[in-house]
Amino acid sequence: MTTWSLIEDRFVPSLASTHESLFTIGNGYLSTRGSFEESLTGEMRASFIQGLFVNPPAELPLLGTVPDWTGLTISIDGAPFNLDRRPAGYKRSLDFRSGVLDREVLWRGPETGVMKLRFRRLVSMAEPHLAALEVTITALTSHASIRIETGIDAGIPSPITPAWNPTAWHRPNPNRIKLLSESIDGAQTLEVEAVLYGAPIDYFRVRVLRAKTGFSTTPTARLTLGSMKLYNLDHVGIAVNDLDAAIAGYLDRYGVEPIHRQVVADQGVEEAMIPIGGSFVQLLGALSPHTPVGRFLGRKGEGLHHIAYAVLDIDEALAHLAARGARLIDEFPRVGGSGARIAFVHPSDLAGTLIELVEHPDG
């Protein structure tokens, strides 16, 4: 142990449960034991809210374990990642200044190359209801196919039976899950939310509510991140005859204007990117009637040209689509606006819509 860090430089299975306690993180409101993200025999996952007791029938009050947010299922080239196989390298540290729990593992599966996995976890001091987990996986010796699942597990014992009964799940989009759970004594309702970002960063938010709901469902929900994942609606492309007039119209009618305007000569267009929430409207003006957008305007007139989705790795995304027989306009990526790598999928492939895949330089 250094002055500001608690360090574990080797993995000893017999000490794992003891070290879960030592590597607990907390902010005075929410605390989480230092169990591994992947499953481990003998683990005791637990997160608690300060002072939140439940009263099981005919038992003494207990500090009820809230639904778990830390669990991950990781497969690498089809092999499950876990520490049943002794890692080639291992280090875990808890920085008392930042409150970040950091773990690095060098791991080789039965038929995989060497992988470096890093897990960083914290609970926020600024927002006491918030916790976050960042996962970075690097293939050191060969390419690898990686699949990650995370989510909320309401079936965590406290200490024998779960303290909370799921009453309602809500999934507003593929990367977000919300759970309402009622305490086993019926006195409290807990709201838990998990969100998966393509980085991937998984954040978790938990609040104590008083309202009650009335139906039950499965105790676990999962979010999945794989090599082919559409993690954001990047933009909607609209072809226009007069780019300046279209920009002026959006400002006049909707009060929005471009933050970026650029000529992309090799595509024969000038584009203007208008931010709308977390995505963009891309206005496209043709540089000549003989460009793809110029021919589109000649055939169909102004209107929706394409929809663009952001992907983490466009090479893997194209390989995934090709393996499934998708009709690709671009078998290999090319450079688009702002240095992004892009590729198009033919409208005849799915729902008559031209699809653009976008990989941004900053991920």
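For the stretch 51-156, what does the alpha-carbon gyration tensor say about shape, rounded, prolate or oblate, given a ≥ b ≥ c as the root eigenvalues, a/c under 1.5 as rounded, and a/b over b/c as prolate? Let's see the in-between values first.
Details: a/c = 2.67, a/b = 1.81, b/c = 1.47.
Judged from the Cα gyration tensor, the stretch 51-156 comes out prolate (a/c at least 1.5, a/b above b/c).
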Worksheet item: What ranking of H320, H235, H170 comes out by heavy-atom accessible area, probe 1.4 Å, highest first?
Response: H170, H320, H235
Worksheet item: Taking 0.36 nm per residue of separation and subtracting the Cα-Cα distance, what length does fully extending A139 through L22 add?
Response: 39.1 nm
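Between L233 and K116, how high is the FRET efficiency from 1/(1 + (r/R0)^6) when r is the Cβ-Cβ distance and R₀ = 25 Å? Nearest 0.05. Write out the running numbers ahead of the final one.
Numbers: r = 32 Å, r/R0 = 1.27.
So, using R0 = 25 Å, E works out to roughly 0.20.
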Discussion item. As I understand it, the dipole of the chain uses +1 on the Cβ of Lys and Arg and -1 on the Cβ of Asp and Glu, about the Cα centre. Which of V263, L140, V293 lies farthest toward its positive end?
Written reply: L140
Item to complete: Run the numbers on the chain and let me know its relative contact order in percent, using alpha-carbon pairs under 8 Å that are six or more apart.
Response: 11
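Within the chain, how many Lys pairs that are eight or more residues apart, or on different chains, come under 24 Å at the alpha-carbon?
On the way: K91/K116; K116/K229; K178/K212; K178/K229.
The number of close lysine pairs in the chain is 4.
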Response to the item:
Two pseudo-spin positions, 7 Å from Cα along C-beta at Y254 and at L304, lie apart in nanometres by 1.3
Item to complete: Beta carbons within 10 angstrom, averaged per residue: use that to sort the peptides 24-36, 157-169, 240-252, highest first.
Response: 24-36, 157-169, 240-252
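Suppose every K and R has +1 on its Cβ and every D and E has -1 on its Cβ; what is the size of the dipole of the chain about the Cα centre, in Debye to the nearest 20?
Values: 33 positive and 41 negative charges, 110 e Å.
With only Lys, Arg, Asp and Glu charged at Cβ, the dipole is about 520 debye.
Measure off, as a whole percent, the carbon and sulfur share of the 1.4 Å-probe accessible area of the chain, all protein chains present. Let's see the in-between values first.
Details: 9930 of 18250 Å².
C and S atoms contribute 54 percent here.
With a 1.4 Å probe and all protein chains left in place, how much accessible area per residue does the stretch 135-192 have, in Å²?
Working: 2630 Å² over 58 residues.
Per residue, the stretch 135-192 has an accessible area of 45 Å².
The values are calculated or read from the model by the stated rules, or taken from the named source; none is laboratory data. A quick note: this is a predicted structure, and the numbers were derived from the prediction, not measured. Backbone-built Cβ (ideal geometry, glycine too); neighbour counts: all protein chains shown. Keep in mind that these areas ignore ligands, DNA and RNA; they rest on the heavy atoms of the full protein, side chains included. Shrake-Rupley method; radii C 1.70, N 1.55, O 1.52, S 1.80 Å.
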